[in-house]
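In what follows, a structure is listed as structure tokens, so that the remarks can point back to it.
The values are calculated or read from the model by the stated rules, or taken from the named source; none is laboratory data. What you are looking at is a predicted structure, and each value in this text was computed from that prediction instead of being measured. Cβ coordinates were reconstructed from backbone atoms using ideal geometry, including for glycine residues, and neighbour counts include every protein chain displayed.
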């Protein structure tokens, strides 16, 4: 991302400018305790946002860990839904545990653990194997994970034994925990509604009465309703309208604009023009047509630069990106549907997965 050098340092901080860019996130999957495989790209977690904190949760209660990510710039917040459970043959068996420590006061207790139970150790015995997990607040910067600890048990129908070792030194255990169970563990049984140390309830959310799938939403919504001038900008677009139209801001002096060309070439090779059209929007109003033509001849970008845009049309794209991303810079990408409704605003080109998700939201997965 290019940061406007004319904006003062303090203002850049307030606007959310990134001072440690190009540090992409990484995601690794455990391969049955033997090895790890990196899935950063396909997951979307390696985007260009300047990430600051993450937390692990299961917001859709399907038993698979999801990730909430907060960035210093834009998008400020991103929620990643884990779709591994939708693979054919996926083993999604799990047991979830919530902890209720016995200390009900704000003072330190020499008898009971803290109310949230952080620091407790969970031991699950499954078919002769013992799994050990620690109940921790979180690993992200100033971020807290979901208070529910989920443990995958593969194809097992139950956990043979569940033991809690509390920070106070106390312990409690139970047996025969069915797969898909939410176990609420009480260090002090008198706090339990049943008077016992463990309460079993189903973990998953029951299906709705209609069974209708949730409505698709744009991957990243714009900061406001779609600008009429973005629709008006389509009046100068050549040819027919694609299902999606992407505008990327460009200037001949912009080095990041050169860095994004391989990713744009990959998008162009992946999606036909009737699915995705890509156009460049001149960022610097002082640059001439001849300068852009010479730049295009030299670097051969996979898009046509829209010199025909009026000042108002050009500013609608640049201003729309500024409103959504909170800091002026380039290259920024604005993706709309064929009618001009803004579906995505982000720094740099979207990934192939993001384009597929936008197409799915339009009812077209091609």
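Structure summary
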item	result
Residue match in segment 121-130 (condition: in contact (Cβ under 8 Å) with a residue 24 or more places away in the chain, touching a strand residue (DSSP E or B) at 6+ places or on another chain (Cβ under 9 Å) and not in a strand (DSSP E or B))	yes
Only listed residue being at pLDDT 90 or above, touching a strand residue (DSSP E or B) at 6+ places or on another chain (Cβ under 6 Å) and in the same structural domain as residue 30 (by TED's automatic domain parsing), chosen from 81, 158	81
Residue pairs meeting the criteria (Cβ under 8 Å; at least 6 apart or on separate chains; first over 18 Å from residue 203 (Cα atoms), in segment 80-94; second part of a strand (DSSP E or B))	80/66; 80/67; 80/68; 80/69
Residue 59 being surrounded by fewer than 15 Cβ atoms within 10 Å (Cβ to Cβ), outside any loop (DSSP other than H, G, I, E, B) and at pLDDT 75 or above	no
Yes/no for residue 183 being at pLDDT below 90, closer than 30 Å to residue 64 by Cα, in contact with a strand residue (DSSP E or B) (Cβ under 8 Å, 6 or more places away or on another chain) and surrounded by 15 or more Cβ atoms within 10 Å (Cβ to Cβ)	no
Of all residues in segment 333-353 being under 16 Å from residue 265 (Cα atoms) and touching a strand residue (DSSP E or B) at 6+ places or on another chain (Cβ under 7 Å), the one that is surrounded by the most Cβ atoms within 10 Å (Cβ to Cβ)	350
Complete set of residues in segment 293-322 that are buried (at least 18 other Cβ atoms within 10 Å of the Cβ), at pLDDT 90 or above and in a helix (DSSP H, G or I)	295
Residues satisfying the stated conditions in segment 280-292, i.e. outside any loop (DSSP other than H, G, I, E, B) and closer than 24 Å to residue 49 by Cα	280, 281, 282
Some residue of segment 137-149 being within 25 Å of the chain's Cα centre (by Cα), surrounded by 15 or more Cβ atoms within 10 Å (Cβ to Cβ) and assigned to a strand (DSSP E or B)	yes
